[in-house]
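Working notes, beginning with the structure itself.
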Amino acid sequence: MGPALALTGSVLTLLAAVGVVRFGDVLARMHALTKASTLGVVLVLVGGAVTLDHPNDVTSLLLAGALQILTMPVAANLMSRATYLAQGIRSDVDTVDELAGSKTARDTDDLPDG
């Protein structure tokens, strides 16, 4: 069971890398990287935890998986917002642009520099 989970996680991580190379928009690349790699890393860690016997090793792997689940989506959200607000970076938005108001607020210097 452990090697199968690790193999599945590795395949998901590989698909995330392919998505980064194939997608043209930076926001689509970030979406593919965050979703698939988070699940892939967690599956690899759970696969390793299933095969290990010592409780300290299992706890370390499960803690690492929980840390990935907690930090990767938050970091991707912050990076995607910064990318969206940056000038000169192509970011196609195909649906309603809910952040358009924040772009105009930044352009009129209503936000502090920093």
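Details
- Accessible area (Å², per residue) of segment 7-69, counting only protein heavy atoms and a probe of 1.4 Å: 61 Å²
- Note on segment 23-40 and segment 46-74: Cα centroid distance 22 Å, given to the nearest whole angstrom.
- Estimated vicinal HN-Hα couplings, Hz - segment 44-54 in sequence order (Karplus 6.51, -1.76, 1.60; Gly, Pro = x): 5, 5, 5, x, x, 5, 5, 7, 7, 9, 6
- Applying the Karplus relation 6.51 cos²θ - 1.76 cosθ + 1.60 with θ = phi - 60° to segment 11-21 yields 3J(HN,Hα) values of 5, 5, 5, 5, 5, 5, 5, 5, x, 5, 6 Hz, where x marks Gly and Pro.
- Accessible carbon and sulfur surface of segment 8-72 relative to its total accessible area, %, 1.4 Å: 73 percent
The values are calculated or read from the model by the stated rules, or taken from the named source; none is laboratory data. Please read all numbers here as calculations on a predicted model, not as lab measurements. Calculation scope for accessible area: heavy atoms of the full protein, side chains included, ligands and nucleic acids excluded. Shrake-Rupley method; radii C 1.70, N 1.55, O 1.52, S 1.80 Å.
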